[in-house]
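Working notes for the structure below.
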There are 2 protein chains.
Amino acid sequence: MQTTAASHNYPCQNCKVRDKAICSALTNEELRELSKVTTEVQLAAEAAVFYEGDENTYLFNVVAGTIRLTKLLPDGRRQVTGFLFPGDFLGLSVGNTYVYTAEAVTEVSLCRFKRGNLVKMLDRFPNLEHRLLELASNELVQAQTQLLLLGQKTATERVSSVLVGLMERIGRRGDDGIVIDLPMTRGDLADYAGLRTETVSRCFTQLREEGVIDTLGKHGVNIRQPEKLADLSGDQ
Amino acid sequence: MQTTAASHNYPCQNCKVRDKAICSALTNEELRELSKVTTEVQLAAEAAVFYEGDENTYLFNVVAGTIRLTKLLPDGRRQVTGFLFPGDFLGLSVGNTYVYTAEAVTEVSLCRFKRGNLVKMLDRFPNLEHRLLELASNELVQAQTQLLLLGQKTATERVSSVLVGLMERIGRRGDDGIVIDLPMTRGDLADYAGLRTETVSRCFTQLREEGVIDTLGKHGVNIRQPEKLADLSGDQ
DNA sequence: CGCGTTATTGAAGTCCATCAATGGCTGTGG
DNA sequence: CCACAGCCATTGATGGACTTCAATAACGCG
C-alpha cells in the first residue's frame, strides 16, 4: 500500500465526509481527538488496501474514490461482496483478520487509523459503538438483500437491481434522467451480480434497446426511466 | 404468535444456552436483572415468529428448535437467509422494523424480551453492546460467505458447503461419521442454496452414490467422509 | 494517433430448472 | 397396531437461461 500523504494535523472539521461514516457519531471535540490518530492515505487504481486473511491493524473511512470488496475461492472464482464510496467505513472484522479483500477501483483517498485506537475510544465514547453497531447492521441488511438477488433473481433483474442500487448511492440528476458514472468494469459488476461479463453486457444492451437506459462510453449510464428499471429489478 | 408459557421468574442460571447468545456477555448479577424482563415462548412448527416489515418490538434468544429466516420477492420467490439453532440471537434490525421473516421450522422455544429493555441495558452494560457488535459482525461474515456460495458455486458445491456448515453447527459424532438431524425440508435447503428442490435431491443422491454421505429417512444424514465433503464444497 | 484493454456481439454448449410421475416417509385415525 | 392419506423426496425427460468460446468493435489512455 503506497502512502503519499501523511497528515497528522489534517483538520477533520473540513473533511468532505465529516458527517458520514463513523465520524458523524462524534462531537467536534471528540473529532479533534480522533484526528490526532488519523492519517490520510492515497491509493492508485487497482491497488489493494488489504487482503482477506491479513491482520486487521487499520480501519478506514473512504474519503474519495471507489473501493471493491471481494472474496475468492481457491480456484480463482471471485465474488464482489460490495462497493464502497466516499463516506463509507471499511475494516469491520471478526477476530484479528480481515474477512475480505479490499481493492481500489479508482484512485482512492482513505482516512486511516489504528484499530487499537478505535477500540480505546470505544470505552470513552459510547456513541461510537452505537454507530459501529448501526453500520454493521446496515451492512448486514445490504448483504441479505444481495443474498435474495443472487439466490433468486434472473440476469435482467440482477443488473437492474444493481443499477438501481448504484443510482441511489452515486446517481446525479441529469438533463434527461439520472446519471451514474460507473467506476467499475462490466467484469466487476458481473462478479458482484453472480453473472459473466458477457451476460451483464447483454443486459445493458437489452435495457438500452428498451429505452430504459443510455450508455455514454464505458463508464457513463443515463437512467432515462428509473421506475421502469425498478420494475425490472423484481423488487416490486 | 402463540405464547404457551410466561415465566417471569425463570432462572436464567439454569438456561441451556446461558453461555451463548448475548447472555454470555453478562455476569450472574446482570443476568438476574435481564431475567426480570424475559419471557419464554413456545411456537409450533411452521409458526411465524415475526414477518419482514413488522415493527421490531421483541428480541429473542433461541432456546430450543430451529428457526428459518427468509426474504421474499413480490411474486413469491423466497430466499432463506439463514437457519438459527439453540443459542442463536434473533432480532437485530435497522430502524424499527424487522428486515426478514422468522419462522419456526420445528417446535421452538424462545427467550423473548422487549427491544426497549435491551436498549436501556446497553447504557449500563457496555459489554452487552460489544457482544451485539460481535454478533452482528459474525452474521455479516456468515452472509458474505453465503454471497460467495450463491454467486459462484455449482450445485454440488453449494449442497456440500451447506452440509459442512450444518455439520459444524449441529453435527454429532456417530458410529461411522458425523450425523446431522436435518430439521428442514429439501425445499428449505434449496431456497437457502439458491437451487430447486429437485436439484438438491439429485445432489444428495450423487453424494450418496459416491459414498460421501448416507441418508437415514428424510431428516437423517450421516457424513461418512467429512474431508471429501469439504473438498467438494469448493472452499479448499 | 495508435495500441491495449474492455465491451459487445454471435454461435454453440452446459448446467440447472421445469414439468411430470413415482416412490416412500410420517403421522393420524380407525 | 395397522392402513391409509398426504406431503415430501426422488427420479426421469425435456427445455431454457446463462455460460463458454470466439471474434469484432470501441473506448480511452499514453
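The figures follow:
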quantity	calculated
Selection count where residues are more than 21 Å from B:Asp181 (Cβ to Cβ) and within 14 Å of chain A (Cβ to nearest Cβ), scope segment B:192-236	9
Residue in segment B:160-167 that is out of contact with any Phe, Trp or Tyr (no Cβ under 8 Å at 6 or more places or on another chain), under 30 Å from A:Thr97 (Cα atoms) and within 12 Å of DNA strand C (Cβ to nearest atom) present	yes
Failed item, numbered, when A:Cys111 is tested on (1) in contact with a Gly (Cβ under 9 Å, 6 or more places away or on another chain); (2) away from DNA strand C (no atom under 16 Å from the Cβ); (3) away from every other protein chain (no Cβ under 14 Å)	(1)
Selection status of B:Cys23, buried (at least 16 other Cβ atoms within 10 Å of the Cβ), modelled with pLDDT under 85 and not assigned by TED's automatic domain parsing to the domain that holds B:Leu166	no
Residue pairs meeting the criteria (Cβ under 6 Å; at least 6 apart or on separate chains; first within 10 Å of chain A (Cβ to nearest Cβ) and closer than 25 Å to B:Ala21 by Cβ, in segment B:72-93; second among the basic types (Lys, Arg) and assigned to a strand (DSSP E or B))	B:Gln79/B:Lys71; B:Val80/B:Arg68; B:Thr81/B:Lys71
Verdict on B:Gly177 being away from DNA strand D (no atom under 12 Å from the Cβ) and crowded, with 17+ Cβ neighbours inside 10 Å	yes
Only listed residue being in contact (Cβ under 8 Å) with a residue 40 or more places away in the chain, surrounded by fewer than 18 Cβ atoms within 10 Å (Cβ to Cβ), within 10 Å of chain B (Cβ to nearest Cβ) and closer than 24 Å to A:Asp231 by Cα, chosen from A:Gln146, A:Gln142	A:Gln142
The one condition in (1) in contact (Cβ under 8 Å) with a residue 40 or more places away in the chain; (2) within 16 Å of DNA strand D (Cβ to nearest atom); (3) touching a Leu at 6+ places or on another chain (Cβ under 9 Å) that B:Leu182 fails to fulfil	(1)
Sole residue being more than 12 Å from DNA strand C (Cβ to nearest atom) and on the phi < 0 side of the Ramachandran plot, chosen from B:Arg202, B:Arg186, B:Arg172	B:Arg172
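The values are calculated or read from the model by the stated rules, or taken from the named source; none is laboratory data. Predicted model only: the values in this text are computed from it and were never measured. Virtual Cβ from ideal backbone geometry, glycine too; neighbours counted across all protein chains shown.
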